[in-house]
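Asker: If you scroll down you'll find the structure; I have some questions about it.
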Amino acid sequence: NYALGGGELNSRLMQALRHEKGLVYSISSELDSLKASSLWMASFASSNATAEQALQLTLKTLRDISEKGITEQELQETKAFLKGSFPLNLDSNDSLVGYLI
């Protein structure tokens, strides 16, 4: 998810929809692990005139990653982010308990 949309500024969705096409003001995604299954969600802010095109490109980008995976560079950036941000998840008793739960 980080490479697809969770990394926001560095994500593939941000690159494709904002930087390359200028279709959205912002775009992000998140993965919510539930007990029975997981839920992947994406959201973007765009004008009404570009919303349909942005939605279609979002779905295409999702299909591309589903079929081809992420690039080696995206994998390395994701690993670096996760290694660097993991200790921040343990910076308080509340966050540590939340992580353990």
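Asker: Please grab the % of Cα pairs in the chain that end up more than 23 Å from each other.
Answerer: In whole percent, the long-distance tail amounts to 35.
Asker: Find how much the distance from LYS35 to ALA80 grows on full extension, using 0.36 nm per residue of separation minus their present alpha carbon separation; answer in nm with one decimal.
Answerer: That works out to 13.4 nm of additional length.
Asker: On to the next question. How much accessible area per residue does the chain have, in Å², with a 1.4 Å probe?
Answerer: 71
Asker: Roughly speaking, to the nearest percent, how much of the chain's 1.4 Å accessible area is carbon and sulfur?
Answerer: Taking all protein chains in place, the chain shows 54 percent carbon and sulfur surface.
Asker: When you count, for each residue, the other Cβ atoms within 10 Å and take the mean per peptide, how do 32-40, 80-88 rank with the highest first?
Answerer: So the peptides 32-40, 80-88, ranked by packing, come out 80-88, 32-40.
Asker: Oh, and also: Multiply the residue separation of ASN89 and HIS19 by 0.36 nm, subtract the distance between their alpha-carbon atoms, and state the gained length in nm to one decimal.
Answerer: Extra length available between ASN89 and HIS19 comes to 22.2 nm.
Asker: Give me the net charge of GLU74's neighbourhood, meaning all other residues with Cβ under 14 Å from the Cβ of GLU74; Lys, Arg count +1, Asp, Glu -1.
Answerer: So the environment of GLU74 carries a net charge of -1.
Asker: Now for a different question. Can you compute the modelled spin-label distance between GLN53 and LEU100, with each label point 7 Å from Cα toward Cβ, in nm?
Answerer: 5.2
Asker: Largest first, how would ARG12, ARG18 line up by accessible area (1.4 Å probe)?
Answerer: Listed by decreasing accessible area, they come as ARG18, ARG12.
The values are calculated or read from the model by the stated rules, or taken from the named source; none is laboratory data. Note that the structure is a prediction, hence the values are computed from the model and not measured. Cβ coordinates were reconstructed from backbone atoms using ideal geometry, including for glycine residues, and neighbour counts include every protein chain displayed. To get the accessible areas, we keep the full protein, side chains included, count just its heavy atoms, and leave off ligands, DNA and RNA. Shrake-Rupley method; radii C 1.70, N 1.55, O 1.52, S 1.80 Å.
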